[in-house]
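Structure record follows, encoded as structure tokens.
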Amino acid sequence: MTNVVLNAIVLVVVLVLAVPALRHARKAPVVWTVVHLCVLTLVFDSVMISARLYEFDPDKILGLYLWRAPLEDFFYAVVAGLAIPALWVVLGRRRPVGPFVAPSPLRASDEHAPQDDGPSRPSDQRPDRPGAGPS
Amino acid sequence: MTLASFAYLGALLLSLGGLALVDRRWRLAFWSDPRRAGWTLGLGVAGFLLWDVAGLALGIFARGDSPHMTGILLAPELPLEEVFFLTLLCYSALVLWRWFDRSSALRARGAAAAARDAGQDDGSDRP
């Protein structure tokens, strides 16, 4: 099995699991995260390969490179950008005690509402400022 | 083992420390919900490790001959550093997404407040 086949299988599995989990999440932040991770991969994967931290069997990769990063390595960035937000959302559905208690009746659409706390709002335009303490 | 053999591990730890400072400053992950952040990263890293092991078993990639690694292996061809690399990848994803998602929520909330002030009370930022 070549690298692109393995990575495509992983990506399909992650898509099947993550897309339903992120159904109610805002889409643009997820896309933007994937874009940033791909840029980071382009730079740091190239550096890591140049530093000989790891190496590929040339017969098992497509041979398409962006700078020095094989195309296949960008699957890691896409999967991380989908799977990590999905895990965060799914794990938050079982609040408040922990990940292994019975799911609460909270809908996923409640996910993001109470999280934006802290004293450092970048652009809070609301006239009213309810409890700014940590949750 | 020379000092140079810790270069990669040191760079990874330095980067993780930088992310933690960002996390703490804006309360994004561990400084927002430590248990949830821990489970998210733990499960994420475990999944990526399985992917790595599959790649190694299929002979797709292997450890390089860099002098900048400790040489400590967790499994054949799987260096200690890989766990820290995968943690950095997952933590970067979490911090980036939490930041973008919060910015997006605040913008939507600001727009909703503006709409409310204009008389069309909606309040929610999604259908």
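The values are calculated or read from the model by the stated rules, or taken from the named source; none is laboratory data. These figures come from a predicted structure and were not determined experimentally. Every residue, glycine among them, receives a Cβ derived from its backbone with ideal geometry; neighbour counts consider all protein chains shown.
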Please state which of the following conditions residue A:49 fails to meet, knowing it meets all the rest: (1) at pLDDT below 95; (2) at the interface with another protein chain (Cβ under 7 Å from one of its Cβ atoms); (3) part of a helix (DSSP H, G or I). (2)
If we scan segment B:80-95, do we find a residue that is surrounded by 20 or more Cβ atoms within 10 Å (Cβ to Cβ), in contact with a Phe, Trp or Tyr (Cβ under 7 Å, 6 or more places away or on another chain) and free of Cβ contacts under 8 Å to residues at least 24 places away in the same chain? no
For residue B:31, state whether it is touching a residue at least 24 places away in the same chain (Cβ under 8 Å) and aromatic (Phe, Trp, Tyr). no
How many of the residues in segment A:15-29 are of a type in the set (A, V, I, L, M, F, W, C) and within 16 Å of residue A:91 (Cβ to Cβ)? 5
Could you check segment B:49-74 and list, in sequence order, the residues that are more than 7 Å from every other protein chain (Cβ to nearest Cβ) and not in a loop (DSSP other than H, G, I, E, B)? B:49, B:50, B:52, B:53, B:56, B:57, B:73, B:74
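For the structure I just gave you, tell me whether residue B:43 is in a helix (DSSP H, G or I), in contact with a Ser or Thr (Cβ under 7 Å, 6 or more places away or on another chain) and either facing chain A (nearest Cβ under 10 Å) or crowded, with 20+ Cβ neighbours inside 10 Å (or both).
Working: in a helix (DSSP H, G or I): yes; in contact with a Ser or Thr (Cβ under 7 Å, 6 or more places away or on another chain): no; either facing chain A (nearest Cβ under 10 Å) or crowded, with 20+ Cβ neighbours inside 10 Å (or both): yes.
Spelling it out, it is not the case that residue B:43 is in a helix (DSSP H, G or I), in contact with a Ser or Thr (Cβ under 7 Å, 6 or more places away or on another chain) and either facing chain A (nearest Cβ under 10 Å) or crowded, with 20+ Cβ neighbours inside 10 Å (or both).
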Would you confirm, using the coordinates I've provided, whether residue B:27 is in contact with a Leu (Cβ under 9 Å, 6 or more places away or on another chain) and either surrounded by 13 or more Cβ atoms within 10 Å (Cβ to Cβ) or of a type outside the set (D, E, K, R) (or both)? no
Enumerate the pairs (first residue in segment A:16-29 and closer than 20 Å to residue B:102 by Cβ; second residue anywhere and among the aromatic types (Phe, Trp, Tyr) and surrounded by 13 or more Cβ atoms within 10 Å (Cβ to Cβ)) with beta-carbon separation below 9 Å, excluding pairs fewer than 6 apart on the same chain, so at least 6 apart or on different chains. A:26/B:100; A:28/B:100; A:29/B:97; A:29/B:99; A:29/B:100
